[in-house]
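**Q** Pasting a structure below so you can have a look.
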Amino acid sequence: MTSFRRFLQHRTGVIGLLIVVIVALAVLIGPALIPYGPEDMDFMAMLAPPSAAHPFGTDSFGRDVLSRVLLGGRVSLLISFTAILIAAVLGSWIGILSGYHMGWTDGVLMRVMDLLFSFPSFILAMLLMVLFGFSSANIIAAIALVYLPIFARIARNTTLLIREEPFIQASRLMGRRPAAIMLTEILPNISAPIMVQASVGFAFAIILEAGLSFIGLGVQPPTPSLGGIMSDGREYFSRAPWVLTMSGMAISVALLGINLLGDGLRDLTDPKLRERT
Amino acid sequence: MSELLGTQAKAPGLSERWGPVALYLLKRLLSGALVLLAGTAAVFFTIQAAPGDPALSALGEQATPEAIAAFRAEYGLDAPLMVQYVRWLLGFFQGDLGQSLAVARGMPVGALVLQKLPATVFVGFFALFLAVVLSLVLGTLAALNRGKATDTIATSIAVFGVSMPDFWMSYVLIFGLSLGLGLFPAFGYVAPSTSLTGALHATFLPALAIAAPMAAVFARTLRAVLIETLSKPYVTAAKSFGLRRPFILVHFVLRNAMVPYLTVVGLQIRYILGGVVVVERIFGIPGIGSLMVDGAFARDYNVLQACTVVFLAIVLLVNVAVDMICALLDPKQTVK
Amino acid sequence: MRVPLLEIQGLRVGFGRGAYRKEVLHGVDLRLERGEILGIIGESGSGKTMTGMALLRLLPESAQVDQQEMLFDGSDLPGLDEIAFGSLRGVRMAMIFQDPVGSFNPAKRIGWHFRQVMKRAEVAGMKSHTTGDYRSRAITLMQEVGIRRAEESIDLYPHQLSGGMLQRALIALVLALEPDLIVADEPTTNLDKVVEHQILSLFKQIQQRLNAGMIFVTHDMAVAASLCDRIAVMRYGEVLEVAEAQKLFADPQHDYTKLLIATARELSTPSGPRQEPGKDKPPLFEVKNLSLVFPPSGPRPAFRALDDISLDIRQGEVIGLVGESGSGKTTLGRALLRLYRPSGGTIRYKGQDITLASEHALRPLRRDLQMVFQDPGGSFNPRKLMKESLAEALRAAGVRDKREIAARSAALLERVRLSEEHGERFPHELSGGQLQRVAIARAVALDPTLIVADEAVSKLDVSVRAGVLDLFRDIQREKQLSMIFITHDLEVARYMCDRIAVLYHGKLLELGPTEEVFTNPSDDYTRTLLETLEYSLGGRNFGQADYGAAARRVSHAD
């Protein structure tokens, strides 16, 4: 409660939160409020510029771009969010286990994470997509796998830092089971950096998913996705720049909100960067 | 400075630390090679584990069983997996990465990669250079004017920067600087061996598109690191000795901020290379990224595998280089 | 009339603006003559450090400094612009900091610091050095402050030197400036006792040589008494009283000063009769030839922290583990509790060999063996209320009923002289002394046979230290617990312990009844260590700064 109130004093963080809430509402209930479906074609208005009827214009099939952007946004955000959630939960678990037990568990787990971490993220995701197919579940799995080592590393490093803290030692001395210590003592105290990393990772996951769909190795048409709409738009971007521009701006707005929110969270949790007043 | 150097005859410089640094380099290269080896195995067996048959995708669904068997024999796909891997690995050490199955059927992948590599390396380093320069300016300005208008402007630019994916940034740059102002070409590539200025001109937009989001990340890191370094006791101590502010900033603050900053730069290399793939497609640059996307669509596993390993090798090499620089900058890593 | 070197009146320092403004100095008046050492004594939060920082304009930009008057050698300091002030700071005024390790640029060699500081002092034009041979001058200065092998040390990086050596180097740097005013901010607090005494005598020497005025900020009464001509006592941003050093201790005026002196004196007599637990009963712990080697990690080579240590711990006795930093006393305490895995030897608890027992096998024993830690802030999960931390301990002790847990934790809080209301707070809402009391309550909740207290009072302010020590002693008597009291503070050890074990570089030098060790030590090192006690409040040499004898004998120990 107190930390939430402190967060409310962080101006940019609050702006970020507002943007994120608005974006979330828009993609979740927006499509229901628009008279056109994302697949509805209007052959009378192909590549129509933005107007009152079509605020974002239409594409080459006469489909309403706003409707497609909102629905595509829903798909992209859900995929990215799920992927990051999985990566954060699994990664924290691996990291805590590794950092708390050290020894050979740590050695093996971290070498695997190091290997995963050495691959360029986009390349790894791309390879996995090609090999295992373009289903949404596979996109989620690929993105989660790419971000897994980041969360595992952060969780491990913070665990290593606090495992020597007196209050953890005190818990050990009470004879509590390691699992209980990890769950009730360590996890709550490493959740802050994990949260911050999750917000950063969420933004990167959106970019990664959009990039995959953009080159055609992600969400497959006819399902709309932000990257896919941009990819459509680039084919005629000199004649009808709004398709590309509007979908690109939609990505930027979502990213801006998440990044500002992440900044707020980080300033809140990192005492070193906290402003002195 | 010359009057200082004269008195410094007995004070050894960096040279004395080359020994431990070289040892460190050797160790890092060795562990890098091990990771690369593990990486090749991981990629190889993942590809084998994946559903789909390279012969089918190369020859089409209507291929006769005889044609498929011939194809498999031709490319050695009928041998057991371990044998295939060892064969591949032996070839890899001799620069033989197998033959392309689909992209340029029958052509050695090694030659293909060598042909495409320079463009990717050139654009990648150009982008890295731009990102570092931009971030040094932005990050330093923001940290030194903390809380003032300059800081607000610089951090805002950085936040907008990280909110611009490279492929979207590419089109913004094309709209503005190419179609709008006509300053740079929107498509095409000139090899630096043909004309260095021509290459810089042709690849400026793609390099900037990759660099911009990275510069934003670097700048934010640098700002945070600088602010932390500014509050270190040795900075206060330097002030108490009356050392001039610019001197303190260079030798105490920036000098000690470089190691954490470069560490982050090293970690971000993997994102820069990801950016290369998409941006190469957009700007029509004949690099490894384009090759890999072609290989992906054609399901040319040999090409995919080779490209992945090459990208992995680049990341590992750059990381070793960054670690080296950090070891040189930070005496704690190399002395005692 | 003679102009004083420094005259400060009505110095105020505040942070923040408007309703958020918090003033930390409320009008401080100080005066300093040439050749005089003025001590500023105070506990944490008294504003003693702030005073020196404000004087040298080293406070962060967010600080607002205001004064009626601040005269340095007759010139008005606040009236000087940055450039004019720059010709004073680092030229005629210098500062020595608490953290010698942090005061050096970690990326540069020691010699580099000398070169830059000397060069800058020459450019400032105030000093007339004839030659530009920085190196040989720096080596001379380093030899003067007692840095061994100065010709080699000058080419080392800061992390290669010990804290004591770095503090000497910092003093040599200040010496190079030949300033008129030196502000020293707790310059010996982070150092071991023996080294502290060497550095203090060094301070006396250089101050006499330069005939500079010095402001010496410290929390340690004995240190101030031995070094300072006059002493100012500060609390909550105000100067309570200023007096000649001898007069202050002989006849303190302010109640707070009286409390500080009384607390420090209390420690010079034992807290009660020593226990001599029966030797007939089998010991609680038997430790034989215990050794522990930390494996190499990163650039750090393997390190033998414990070397062939044997001792018994009997039921109901308090054993003091004393030694300097790096002596292995904390490691020994933790190894006994099996928080570390020994590399050799045996540990028997109640006859059972637990040397290499697995974590799983240890769990039933864990509750018997408790610990109170040095850092009160880190001893509790920052996200839990104090009563939740206590409840957790009670649950671990097998109490299941919610009402009983509540009643018991209230009783525990009362036992350590806190109220139930303290249980409703988070760790950061309690003071260090209060946290340490709850930590004792938590340990007691598990009904242990042994409590290891690891420097449990060293981070506490002097005025609350005795209270926590007495609480330890009372509870120990009441429950007939055994205790291991780890401390670097010999007075605390003498106050608390029945037997004393002296550790040095991982070896057990001697072990004996407290009185015997203190009056008739068998080891040379112990003797050197004990000599530092003579300068404490109750000691024979209180108020003197001649540490020459001690300094000579242990120069190898640094």
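The values are calculated or read from the model by the stated rules, or taken from the named source; none is laboratory data. These numbers come from a predicted model, not from an experiment. Cβ: placed from backbone, ideal geometry, glycine included. Neighbour counts: every protein chain shown. Note: accessible area is taken over every heavy atom of the protein model, side chains too, but ligands, DNA and RNA are not part of it. Shrake-Rupley method; radii C 1.70, N 1.55, O 1.52, S 1.80 Å.
**Q** Farthest toward the dipole's positive end in the stretch C:1-141, which of C:Tyr134, C:Ser46, C:Gly18, given Cβ charges of +1 (Lys, Arg) and -1 (Asp, Glu) about the Cα centre?
**A** The one lying farthest along the dipole's positive direction is C:Tyr134.
**Q** Got a number for the accessible area of C:Tyr504? Probe 1.4 Å, square angstrom, nearest 10.
**A** Per-residue accessible area (C:Tyr504): approximately 50 Å².
**Q** Right, next: Charges only on Cβ, +1 for Lys and Arg, -1 for Asp and Glu: so what's the dipole of the stretch C:98-178 about the Cα centre, in debye to the nearest 20?
**A** It works out to roughly 140 debye.
**Q** Any chance you could look up the accessible area of A:Ile19 with a 1.4 Å probe, heavy atoms only, rounded to 10 Å²?
**A** Roll a 1.4 Å probe over it and A:Ile19 shows about 40 Å².
**Q** Additional query: Hey, rough spin-label estimate for B:Ala111 and A:Ala137, points 7 angstrom out along Cα→Cβ, what's it come to in nanometres?
**A** 4.3
**Q** Related question: What is the diffusion coefficient of the stretch A:155-199 in µm²/s, taking the Kirkwood radius over Cα pairs and the Stokes-Einstein relation at 10 °C with a viscosity of 1.306 mPa s?
**A** Stokes-Einstein gives a translational diffusion coefficient of 147 µm²/s.
**Q** What is the spread of the Cα atoms of chain C along each of their three principal axes, largest first, in whole Å?
**A** Computed over chain C, the largest-to-smallest principal extents equal 74, 55, 46 Å.
**Q** Return the loop-located chymotrypsin sites (Phe, Trp or Tyr not before Pro) in the stretch A:28-82 (DSSP other than H, G, I, E, B) with at most 15 other Cβ atoms within 10 Å of their own Cβ; answer none if there are none.
**A** A:Phe43, A:Phe61
**Q** So if I average 1/r over every pair of distinct C-alpha atoms in chain B and take the inverse, what Kirkwood radius in Å does that give?
**A** Its Kirkwood hydrodynamic radius stands at 23.1 Å.
**Q** Let me ask another. May I ask you to give the percent of accessible area on chain A that is carbon plus sulfur, with a probe radius of 1.4 Å?
**A** Exposed carbon and sulfur together represent 71 percent of the surface.
**Q** So for the stretch C:98-178, averaging the separation of alpha carbon pairs under 8 Å that are six or more residues apart and normalising by length, what relative contact order in percent results?
**A** Relative contact order here is 46 percent.
**Q** In 10 Å bins starting at 0, how do the alpha-carbon pair distances of the stretch C:98-178 split up by percent?
**A** 20, 56, 23, 2
**Q** Figure the gain on full extension for C:Arg395 and C:Asn211 (residue separation times 0.36 nm, minus the Cα-Cα span) and round it to one decimal in nm.
**A** Gain on extension, C:Arg395 to C:Asn211, equals 59.9 nm.
**Q** Report, in cubic angstrom per residue, the convex hull volume of the C-alpha atoms of the stretch A:1-76.
**A** 115
**Q** Given a 1.4 Å probe and the protein chains all in place, what does the accessible area of C:Asp81 round to, in Å² to the nearest 10?
**A** 90
**Q** HN-Hα J couplings of the stretch A:203-208 from phi, Karplus 6.51/-1.76/1.60, θ = phi - 60°, integer Hz, Gly and Pro as x?
**A** Each residue's phi maps through the Karplus curve to give 4, 5, 5, 4, 4, 4 Hz.
**Q** How high is the FRET efficiency from B:Thr46 to B:Val137, r the C-beta distance, R0 51 Å, rounded to 0.05?
**A** 0.75
**Q** Taking each pair of distinct Cα atoms in the protein assembly as shown once, what is the resulting Kirkwood hydrodynamic radius in Å?
**A** Averaging 1/r across every pair of different Cα atoms and inverting gives 34.2 Å.
**Q** Same structure again: Quick one: net charge of A:Pro166's neighbours, Cβ under 12 Å, K/R +1, D/E -1?
**A** Neighbourhood net charge equals -1.
**Q** In the stretch C:98-178, if the dipole is taken from +1 on Lys/Arg beta carbons and -1 on Asp/Glu beta carbons about the Cα centre, which of C:Gly163, C:Gln116, C:Gln98 is farthest to the positive end?
**A** Farthest along the dipole direction, towards plus: C:Gln116.
**Q** With the cut-off at 1.5 for a/c, could you classify the stretch C:54-100 from its C-alpha gyration tensor as rounded, prolate or oblate?
**A** oblate
**Q** Separation between the C:Phe542 and B:His201 pseudo-spin-labels, each 7 Å from Cα along Cα→Cβ, expressed in nm?
**A** Distance between label points: 8.7 nm.
**Q** Taking R0 as 25 Å, what's the FRET efficiency between A:Ser51 and A:Glu235 from their Cβ-Cβ distance, rounded to 0.05?
**A** The calculated FRET efficiency here is 0.70.
**Q** I've got another one for you. Using the Karplus curve 6.51 cos²θ - 1.76 cosθ + 1.60 with θ = phi - 60°, what ³J(HN,Hα) values do you get for each residue of the stretch A:255-267, in whole Hz, with x for Gly and Pro?
**A** 5, 4, x, 5, 5, 5, 4, x, 4, x, 4, 5, 4
**Q** Pop the C-beta distance of C:Asp470 and B:Arg245 into the FRET formula with R0 = 30 Å and round what comes out to the nearest 0.05.
**A** The formula returns an efficiency of 0.05 here.
**Q** Check which residues have an amide H placed less than 5 Å from C:Leu25's amide H, if you skip close sequence neighbours.
**A** Those qualifying (amide H under 5 Å, at least 5 residues apart or on another chain) are C:Val13.
**Q** Tell me which residues come under 5 Å, amide H to amide H, from C:Met234 once H is placed; ignore anything under 5 positions away on its chain.
**A** HN-HN under 5 Å from C:Met234: C:Ile41, C:Gly42, C:Leu240.
**Q** Ignoring ligands, DNA and RNA, how do A:Val69, C:Val239 rank by accessible area with a 1.4 Å probe, largest first?
**A** Listed by decreasing accessible area, they come as C:Val239, A:Val69.
**Q** While we're on this one: Express the relative contact order of chain B as a whole percentage, based on alpha carbon pairs under 8 Å and six or more residues apart in sequence.
**A** Answer for chain B is 26 percent.
**Q** From the C-alpha coordinates alone, can you work out the Kirkwood hydrodynamic radius of chain A, in Å?
**A** In chain A this quantity evaluates to 20.5 Å.
**Q** Quick one: pull the percent of accessible area on chain C belonging to carbon and sulfur, 1.4 Å probe, ligands and nucleic acids left out.
**A** Answer for chain C is 48 percent, counting heavy atoms of protein chains only.
**Q** Of C:Lys329/C:Lys350; C:Lys384/C:Lys479; C:Lys193/C:Lys459; C:Lys22/C:Lys48; C:Lys48/C:Lys459, which ones are farther than 20 Å apart at the Cα?
**A** Violating the 20 Å Cα-Cα cut-off are C:Lys329/C:Lys350; C:Lys384/C:Lys479.
**Q** Mind ranking B:Asp323, C:Asp498 by accessible surface for me, highest first, 1.4 Å probe?
**A** These residues rank, largest area first, as B:Asp323, C:Asp498.
**Q** Let me ask something else. Return the Rg/Rh value of the stretch A:49-110, two decimal places, where both radii are evaluated on C-alpha atoms and Rh is the Kirkwood radius.
**A** We get a ratio of 1.47 for the stretch A:49-110.
**Q** Also: Against the longest alpha carbon principal axis of chain A, how many degrees, from 0 to 90 and to the nearest 10, is the axis of helix A:65-101 turned?
**A** Once rounded, the angle reads 10 degrees.
**Q** Write down the percent of antiparallel bridges among all DSSP beta bridges whose residues are both part of the protein assembly as shown, to the nearest 5.
**A** So the antiparallel bridges in the protein assembly as shown amount to around 55 percent.
**Q** Now for a separate question. For a quick check: with amide H placed at 1.01 Å from N, whose amide H comes under 5 Å from C:Phe303's, ignoring anything fewer than 5 positions away on the same chain?
**A** Residues meeting the amide H criterion: C:Phe294.
**Q** What does the charge add up to near C:Met214, with Lys and Arg as +1, Asp and Glu as -1, over the other residues with Cβ less than 15 Å from its Cβ?
**A** Taking every Cβ under 15 Å from that of C:Met214, the sum is -1.
**Q** Here's something else I'd like to know. Defining a contact as two alpha carbons under 8 Å apart and six or more residues distant in sequence, what relative contact order in percent does chain C show?
**A** Dividing the mean separation by the residue count of chain C yields 16 percent.
**Q** Between the stretch C:335-351 and the stretch C:394-462, what is the C-alpha centre distance in whole Å?
**A** 27
**Q** Sticking with this structure for a sec: With 16 Å as the cut-off, how large is the P(r) tail for the stretch C:220-307, expressed as percent of Cα-Cα pairs?
**A** 72
**Q** What total accessible surface area, summed over both chains, is buried at the interface between chains A and B, computed with a 1.4 Å probe and given in Å² to the nearest 100?
**A** When A and B are taken together, about 4200 Å² of accessible area is lost.
**Q** Provide, for q = 0.09, 0.11, 0.13, 0.14 Å⁻¹, the log10 of I(q)/I(0) from a solvent-free Debye sum over equal Cα point scatterers in the stretch A:56-192.
**A** -0.39, -0.54, -0.67, -0.74
**Q** Within the stretch A:190-277, report the trypsin sites (Lys or Arg not before Pro) that DSSP leaves as loop and that have at most 11 other Cβ atoms within 10 Å.
**A** For trypsin sites (Lys or Arg not before Pro) across the stretch A:190-277 that sit outside H, G, I, E and B with at most 11 neighbouring Cβ atoms in 10 Å, the list reads A:Arg239, A:Lys272, A:Arg276.
**Q** Also, quick follow-up: I need two numbers for the stretch C:160-232: Rg to one decimal and Dmax as a whole number, Cα atoms only, in Å.
**A** Computed over the Cα atoms of the stretch C:160-232, radius of gyration and Dmax are 11.7, 37 Å.
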